[in-house]
Amino acid sequence: MKFNNINDVLDYIEHKTNFQLGLLRVKKFLELCNIPYEKLKYLHIGGTNGKGSVTFYLSNILINSGYKTGMFSSPSIEGHNDRIRINNEFISDDDIIAFVNEYYNIIEETEVTMFEIDVLMALDYFCKNSVDICVMEVGMGGRYDGTNIINPLVSVITNIGLDHQAYLGDTKEEIALTKAGIIKENGIIVTGEEDINCLKVIKDEANKLNAQVIETKKAEVKSLNPIIFTYLNYQNIELKSLANYQIKNVSVVLEVINILNIKYNFNIKEDVIRCTLLNVVWPGRFEIISYNPFIVLDGAHNEEGVKELVGTLSKFNNYHKTIMFAALKDKPTDKMVQMLIDSHSEVVISEFDFYRVKKAKDINKNFNLMVTRNFAQYIKDKKKMMNEDDMFIITGSLYFITEVRKLLLADN
């Protein structure tokens with residue numbers, strides 16, 4: 001079968017939702033084709049929250065340091081193509097069509113899933129374009145994730161939280177064990193995790209593999225608006241982002257950069273790091289869409305993410321805050337909604353068109369909040385009514401954020 005247009009290809013890929021854990025399909029695919037992915041250099045970024053931000057920051061610092069950089073992340077924020085990029089340019093429609101046409105028979109034979117197709121497409125694309133380094137974000141978990149086929153220069157576990165328990169384990173320790181599956185023999189693992197029990201799991205796995213564990217330290221925060229902090233020998237780093245949680249993520253980034261410079265002879269200069277951090281924001285992570293009206297998007301899609309969002313919102317107490325929230329079925333929405341209510345904000349529950357979405361009425365069943373099933377109309381009306389002391393935050397599932405972001409940017 002041959003595809004001729006991108007819509008047919010994406011429809012074909014995105015309907016392969018037969019989700020199963022395990023690397024057997026990916027390994028079989030790679031055995032049947034000739035993608036020389038083992039020749040490339042990688043950074044492998046896992047964790048419960050923050051892994052997308054770490055991936056984005058590292059990629060941009062490497063790009064600005066002169067390295068041809070491949071980046072893989074998910075889910076999409078700006079369209080399916082944004083999952084795979086080189087020097088921040090998304091893979092083209094033609095390249096996606098060409099990959100699926102070239103490997104269609106193997107895709108069918110191995111029954112790889114949508115996510116696995118994206119991983120394999122990224123590896124093929126990075127090889128064909130001879131990138132200097134690839135920054136690969138783990139999809140879910142680690143040990144059985146499709147990205148875990150690579151052998152990275154550095155692995156990262158940003159943190160451990162209770163998310164995807166149906167697949168990763170019921171306790172933080174069980175989830176830590178799954179995520180620690182990305183640690184490689186004689187490798188290096190950087191982690192921002194602080195929980196003693198989770199750290200023990202990570203260190204025990206590393207010891208079995210003779211891998212080195214580097215823990216981030218506590219940054220010295222000078223200001224939260226704007227965010228200015230000192231970490232290691234990096235004095236007064238300033239971020240464009242106003243999200244407090246990015247301090248921890250950037251601390252992880254700085255540890256990885258030190259390893260690249262010292263162990264692997266990269267040439268990443270401090271002025272490039274500073275300039276990059278002052279000028280980039282990862283879309284959908286406390287992303288300020290506009291200041292007038294004041295609208296923010298934040299993909300706080302689990303309990304830990306909402307906790308971090310609420311922490312950041314505490315420095316905006318001079319605003320009247322309205323939060324719109326939508327989530328997937330497998331999330332602890334009662335706890336998440338209660339934290340949003342406790343942040344002294346007006347909370348509105350919504351939903352969106354997605355097969356894994358949790359209906360607004362089900363999220364609201366233990367509360368008595370405003371519910372709107374038509375988020376687009378609510379946002380349109382809300383924007384007209386907002387005053388200069390109003391702040392509108394849209395949060396929850398990253399799939400929801402993607403839909404809202406398209407709407408807001410089209411309006412802008």
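Just need a number here: residues in the range 242-257 that are more than 17 Å from Val306 (Cα to Cα) and under 16 Å from the mean Cα position of the chain (by Cα).
3
Looking only at residues that are touching a residue at least 40 places away in the same chain (Cβ under 8 Å) and touching a helix residue (DSSP H, G or I) at 6+ places or on another chain (Cβ under 6 Å) in the range 295-324, which one is surrounded by the most Cβ atoms within 10 Å (Cβ to Cβ)?
Only one residue tops the list, namely Ala300.
So, Glu255, is that one over 22 Å from Asn64 (Cβ atoms) and among the acidic types (Asp, Glu) or not?
No.
Which members of the range 142-151 meet the condition of being buried (at least 23 other Cβ atoms within 10 Å of the Cβ) and either not small (Gly, Ala, Ser) or not in a helix (DSSP H, G or I) (or both)? Walk me through how you get there before you give the answer.
Quick first cut of the range 142-151, residues buried (at least 23 other Cβ atoms within 10 Å of the Cβ) only: 142, 145-148.
Answer for the range 142-151, where residues must be buried (at least 23 other Cβ atoms within 10 Å of the Cβ) and either not small (Gly, Ala, Ser) or not in a helix (DSSP H, G or I) (or both): Gly142, Asp145, Thr147, Asn148.
Give me the residue from the range 69-89 that is modelled with pLDDT of 95 or more and among the hydrophobic types (A, V, I, L, M, F, W, C) and, out of that set, farthest from Pro283 (Cα to Cα).
For the range 69-89, the residue satisfying everything is Ile86.
Taking the range 362-405 as the search range and keeping residues that are basic (Lys, Arg) and touching a residue at least 60 places away in the same chain (Cβ under 8 Å), which one is surrounded by the most Cβ atoms within 10 Å (Cβ to Cβ)?
Arg405
Could you list all residues from the range 340-360 that are touching a strand residue (DSSP E or B) at 6+ places or on another chain (Cβ under 8 Å) and modelled with pLDDT under 90?
Scanning the range 340-360 gives His344, Ser345, Phe354, Arg356.
Would you check if Asn267 is at pLDDT 95 or above and more than 22 Å from the chain's Cα centre (by Cα)?
Taking the combined requirement at face value, the residue satisfies it.
Only residues that are loosely packed, with under 12 Cβ neighbours inside 10 Å and closer than 24 Å to Leu313 by Cβ: list them for the range 339-361, please.
Asp342
The values are calculated or read from the model by the stated rules, or taken from the named source; none is laboratory data. As the structure is a prediction and not an experimental result, all values here were calculated from the model. Every residue, glycine among them, receives a Cβ derived from its backbone with ideal geometry; neighbour counts consider all protein chains shown.
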